[in-house]
Amino acid sequence: MTATEALTDAPTTHQGILDFVREAAELMKPDRIHWCTGSDEEWIELTDALVGTGTFTRLNPAIKPNSFYAASDPIDVARVEDRTYICSVNERDAGPTNNWMEPSQMKDLMRGLYDGCMRGRTMYVIPFVMGHLEAEHPMFGVELTDSAYVTASMRVMARMGSHVLERMTELNAPFVQALHSVGHPLAEGQADVAWPCNDTKYIVQFPEERAIWSYGSGYGGNALLGKKCYALRIASVMARDEGWLAEHMLILKLTSPQGVVKYIAAAFPSACGKTNLAMLAPTIPGWKVETLGDDIAWMRVGEDGRLWAVNPEYGLFGVAPGTNEHTNPNAMRTINKGNSVFTNVALTPEGDIWWEGLENTPAQATSWKGEPWTPDSEELSSHANSRYCTPIKQCDILAPEYDDPRGVPIDAILFGGRRKTTIPLVFEARDWTHGTFLGATLSSETTAAAVGAVGVVRRDPMAMLPFIGYNAGDYFGHWVNMGKDNDAAKLPRIFYVNWFRRDEDGGFLWPGFGENSRVLKWVVERIDGQAAAVETPIGHVPAPGSLDVDGLDMTPEALEAALAVDVEEWKAEIPQIQEWFEKFGDDLPTVLWTELDGLKARLGL
Ligand code: GTP
Ligand code: SPV
Ligand code: MN
């Protein structure tokens with residue numbers, strides 16, 4: 001394809017976009033270029049083509065209308081953290097928690113991989129905006145990809161298409177350049193595979209240029225570049241520079257029986273319960289939860305001094321296994337409306353999907369690996385990180401404020417992780433700086449959301465370890481400064497939760513899911529000065545009787561164990577925190593050392 005061919009009939013006069021597309025086309029050499037409109041006709045063409053190549057299987061329209069099943073290559077099932085780079089100009093700015101390479105060296109390397117990588121394929125040009133098109137400063141991006149699967153998924157996950165391109169053109173707007181290729185060119189006459197990808201993978205952010213280069217993977221966070229790459233890694237750098245926060249957080253609206261509304265944001269690591277909490281069906285009478293977002297929150301201090309949050313996304317990309325009518329009835333209702341893509345789950349003979357934990361176990365099915373599966377099979381039917389991709393607008397409990405570009409003022413931030421021991425069900429930070437300390441030392445067992453070992457405890461600060469686009473020491477400093485530069489009394493109160501503490505037999509102490517509404521109730525009652533707490537070395541835990549356990553099926557002993565602060569367990573935690581902080585050297589804000597000293601003193605160390 002020549003440069004002029006690449007730009008024939010381009011539906012924009014935006015020179016930056018034209019140059020970006022031309023240069024990429026010259027390098028990647030696609031057979032065709034398709035400018036995405038986001039229309040229904042385009043969706044039908046794309047999904048028909050994906051059915052044609054075997055990437056998609058159309059689900060039974062009577063059960064899941066306009067919905068599709070996809071199975072990835074078994075080597076392409078999750079984010080690849082060891083292949084993810086922050087290529088800042090200075091190595092110091094990537095910090096000790098990110099992979100780094102000198103930007104020009106990375107570009108040379110990747111230009112080699114990109115050279116001719118789209119031969120035999122179509123390059124899709126996806127104009128998109130993260131957040132509202134009507135925002136004061138709309139956050140534009142253009143993703144160029146050779147994957148129809150990614151293009152279809154981007155239509156669900158982000159506001160995209162002609163209306164976005166028109167606005168970008170009108171404003172001559174700056175945008176994030178997002179390059180993506182599955183790295184599987186087709187020679188003349190070569191047949192395609194259902195899930196093209198490459199053994200070599202790179203997920204690269206150039207923070208100063210606000211650019212993303214991704215290669216070799218078609219999977220979610222590696223390939224839908226508006227999500228983790230833009231809305232977290234690049235946006236966190238913008239947020240540092242401009243004084244706001246880009247966080248791996250859900251946003252929910254909680255209404256009490258008296259009609260009092262509170263907005264809560266919560267940061268839990270990947271596959272640790274954000275989607276479930278965001279769509280919670282409360283078990284306590286009269287309380288109502290509405291959803292605003294399940295994965296990403298952009299938060300700015302408003303003129304009123306409060307922290308206002310928006311969800312920049314347009315869809316839900318949720319963990320499938322474990323989702324069912326009990327754990328997440330609202331997610332079930334959302335996906336049952338159709339218009340969804342299911343990746344790496346099982347396919348039933350009726351043309352429906354199934355996964356571990358879902359009701360109505362089928363007598364037989366096709367596993368995500370394409371093999372026959374029955375309930376007696378040794379292997380799981382679905383990959384542990386299999387996902388549903390569904391429009392957020394289909395969620396019955398979507399809060400109307402979702403459509404407000406100003407967002408919602410956050411009353412409480414919850415940090416949380418997956419810990420078998422040590423961390424109680426809920427406790428409250430002493431103040432903003434202590435809350436920042438809790439976030440900075442957040443720990444969790446690793447999950448299948450990233451390639452690698454599962455169940456290993458690691459520090460995952462603010463649930464952002466894989467997503468901080470700069471030096472994590474500076475990131476902690478940015479959090480500390482948010483409390484200093486603003487009226488801390490107006491900022492959200494900070495809490496820490498753990499739904500995953502275990503008893504001696506390995507069972508969960510706390511029933512979780514809808515019962516988590518009891519914890520949310522305690523949180524908002526703390527904010528309103530109604531719920532009592534006991535001061536402990538780690539913070540404020542619910543005073544006996546202050547957590548609403550009316551009708552809860554749990555022994556008093558189990559409840560006590562779930563809430564317990566075990567000084568010996570916490571003492572054992574200290575060397576790990578110390579070692580974690582030492583990684584950052586002089587880049588760690590000294591107030592965090594002061595917080596650690598305070599904790600040690602309170603523990604009697
Ligand atoms: P990402 O989309 O990867 O960022 O993850 P997420 O935080 O949205 O995770 P999600 O809500 O999908 O949680 C996934 C896992 O956590 C599933 O295995 C759930 O069953 C489990 N989970 C969620 N909430 C609870 C809970 O309250 N208790 C227990 N025991 N498990 C839970
Ligand atoms: C996560 O891993 O935190 C996700 C899924 O939300 S992905 O979009 O693939 O990153
Ligand atoms: Mn996530």
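Values in this text are rule-based calculations from the coordinates and carry no lab data. What you see is a predicted model, and the numbers here were worked out from it, not measured in a lab. Here the Cβ positions follow ideal geometry from the backbone for every residue, glycine too, while neighbour counts run over all protein chains shown.
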At 0.36 nm per residue, and after removing the present C-alpha to C-alpha distance, how many nm does the segment from Asp376 to Glu242 gain when stretched out fully? 42.7 nm
Of all beta bridges DSSP finds with both residues in the chain, what is the antiparallel percent, to the nearest 5? 65
Placed amide H near Ser181: partners under 5 Å, 5+ positions off or other chain: Ser214, Tyr215, Gly216
Which of Lys262/Lys490; Lys262/Lys521; Lys29/Lys107; Lys490/Lys600; Lys253/Lys521; Lys288/Lys521 exceed 22 Å between C-alpha atoms? The answer is Lys490/Lys600
From phi via Karplus (6.51, -1.76, 1.60), per-residue ³J(HN,Hα) for region 520-533 in Hz, x at Gly/Pro: 4, 4, 4, 4, 6, 6, 5, 4, 8, x, 9, 9, 7, 9
Could you work out how far helix 40-52 tilts from the main Cα principal axis of the chain, as a 0 to 90 degree angle to the nearest 10? 80
44 Å tail of the calculated P(r), the chain, as % of Cα pairs: 17
In terms of modelled amide H atoms, which long-range or inter-chain residues lie less than 5 Å from the amide H of Gly293? Ile251
Name the residues whose placed amide hydrogens come within less than 5 Å of the amide hydrogen of Leu59, ignoring near sequence neighbours (fewer than 5 apart) on the same chain. Ser67, Phe68, Tyr69
Using the Kirkwood formula over every pair of different C-alpha atoms, what hydrodynamic radius in Å results for region 367-473? 17.9
In whole Hz, the Karplus estimates of ³J(HN,Hα) for region 553-570 (6.51, -1.76, 1.60; θ = phi - 60°; x where Gly or Pro) are 8, 7, 6, x, 5, 5, 4, 4, 5, 5, 9, 5, 10, 9, 4, 5, 4, 5
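How do Asp487, Asp352, Asp294 line up, fewest other C-beta atoms within 10 Å first?
Asp487, Asp352, Asp294
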Mind pulling the angle between the C-alpha long axis of helix 15-28 and the longest principal axis of the chain? Nearest 10 degrees, somewhere in 0 to 90. 70
Per-residue HN-Hα couplings for region 106-113 [Karplus 6.51, -1.76, 1.60; θ = phi - 60°; Hz; x = Gly/Pro]: 4, 5, 4, 4, 6, 4, x, 6
Site Glu579, offset 7 angstrom along Cα→Cβ, radius 20 Å on amide nitrogen, limited to region 441-459, gives 441-447, 453-459
Taking every pair of Cα atoms in region 488-605, average 1/r, invert it to obtain the Kirkwood radius, and report Rg/Rh to two decimals. 1.00
Computed helical MRE - 222 nm, the chain, DSSP H runs ≥ 4 contributing -39500 (n - 2.57), nearest 500: -8000 deg cm²/dmol
Pull out the extension gain between Ile44 and Asn66, defined as 0.36 nm times the separation in residues minus the alpha carbon to alpha carbon distance; nm, one decimal. 7.0 nm
Two decimals, Cα atoms only, Kirkwood Rh: what is Rg/Rh over region 461-525? 1.10
Separation of region 1-63 and region 570-589 by C-alpha centroid, Å? 48
Would you please name the chymotrypsin sites (Phe, Trp or Tyr not before Pro) within region 221-277 that are DSSP coil residues with at most 15 other C-beta atoms within 10 Å of their C-beta? none
Please grab the % of Cα pairs in region 252-311 that end up more than 17 Å from each other. 45
